[in-house]
1. Looking only at region 208-220, filter to residues that are assigned to a loop (DSSP other than H, G, I, E, B) and out of contact with any strand residue (DSSP E or B) (no Cβ under 7 Å at 6 or more places or on another chain); which one of those is least open to solvent (accessible area, probe 1.4 Å)?
2. Just to be sure before I move on: is C96 open to solvent by less than 20 Å² (accessible area, probe 1.4 Å) and in contact with a Pro (Cβ under 8 Å, 6 or more places away or on another chain) in the structure I sent?
3. I'm trying to understand the selection: among the residues of region 117-147, which are on the phi > 0 side of the Ramachandran plot and open to solvent by 40 Å² or more (accessible area, probe 1.4 Å)?
4. Is there any pair with a first residue in region 71-89 that is of a type in the set (V, I, T) and a second that is assigned to a helix (DSSP H, G or I) whose Cβ atoms are under 9 Å apart and which are 6 or more apart or on different chains, and what are they?
5. Sort through L6, L81, L51 and tell me the only one that's more than 19 Å from the chain's Cα centre (by Cα), open to solvent by 40 Å² or more (accessible area, probe 1.4 Å), at pLDDT below 95 and hydrophobic (A, V, I, L, M, F, W, C).
6. Go over the candidates E139, E147 one by one and state the one that is closer than 30 Å to R78 by Cβ, of a type in the set (D, E, K, R) and touching a Leu at 6+ places or on another chain (Cβ under 7 Å).
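The values are calculated or read from the model by the stated rules, or taken from the named source; none is laboratory data. This is a predicted model, so every value here is computed, not measured. Using ideal geometry, Cβ is built from the backbone for each residue, glycine included, and neighbour counts are taken over all protein chains shown. Heads up: the accessible areas ignore ligands, DNA and RNA and are worked out on the full protein's heavy atoms, side chains in. Shrake-Rupley method; radii C 1.70, N 1.55, O 1.52, S 1.80 Å.
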Amino acid sequence: MSAIYLVSLLSLLSTITGEPAEPCRKTGERYFLSDRQQCDRFHMCDESGELAAEFLCEDGLVFETISKQCSLPFGSARCELSGRLILQEPQPIGNCIRRNGKWALGDTCNQYIDCSNGVERLVTCQNHLVYDETSGDCEHPDAANREGCTAEELYGFSCPSVVGQARFGAESDCRAFFTCAVYTNYHPRLGGCPVGTVYNDVREICDDPENVPRCRDYYN
């Protein structure tokens, strides 16, 4: 899940340089509007329906139109969803492309750099998950479907073209299996049997090694 930040009034502009996405309305209270073109710029309308001020989110954050807050540009806050693609000039520091954000690390699939106000930390996804550049979180490879890090590329296995829901044992490890189903978009999702058992391809369950000839000596 994307972390939501309180609206940060980093820069109160002395002059109005953007354009609100819609005209201000008289509501009897102050409220915020997104900018028509710039994703990290927003406007404040006053109680009488007049345009009162303009703000910028902190570098790397964007104005999320549902929560009316500045947040990381993932999920519903992705700028391409609203067509507001313009951003302020980046303020890079160290390995942070912007002062706030998350970016995949080099050629890795399971690591990313998380920057908060210019302070960076390296995050490693666990349990065979990969970094998803759309959600900003660690996800199953089938869900992220990220180029270079797809489930098919990582596991060397592809779901059959015609299948309802099925499981297939992994050739490399007797405990491992792949699930192909609607909820995986028919990309393989890695699963594993509990310690002491192995995957039985015939029964499609985790079973005693004695019942799976090729894995009979797996724990010996």
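1. In this case the residue turns out to be D208.
2. Spelling it out, it is not the case that C96 is open to solvent by less than 20 Å² (accessible area, probe 1.4 Å) and in contact with a Pro (Cβ under 8 Å, 6 or more places away or on another chain).
3. Of everything in region 117-147, those that are on the phi > 0 side of the Ramachandran plot and open to solvent by 40 Å² or more (accessible area, probe 1.4 Å) turn out to be N117, N127, H128, N145.
4. As it stands, the answer is I86/C79, since those pairs meet every condition given.
5. After applying the criteria, what remains is L6.
6. Details: E147 fails: touching a Leu at 6+ places or on another chain (Cβ under 7 Å).
Selected residue: E139, the only one of E139, E147 that is closer than 30 Å to R78 by Cβ, of a type in the set (D, E, K, R) and touching a Leu at 6+ places or on another chain (Cβ under 7 Å).
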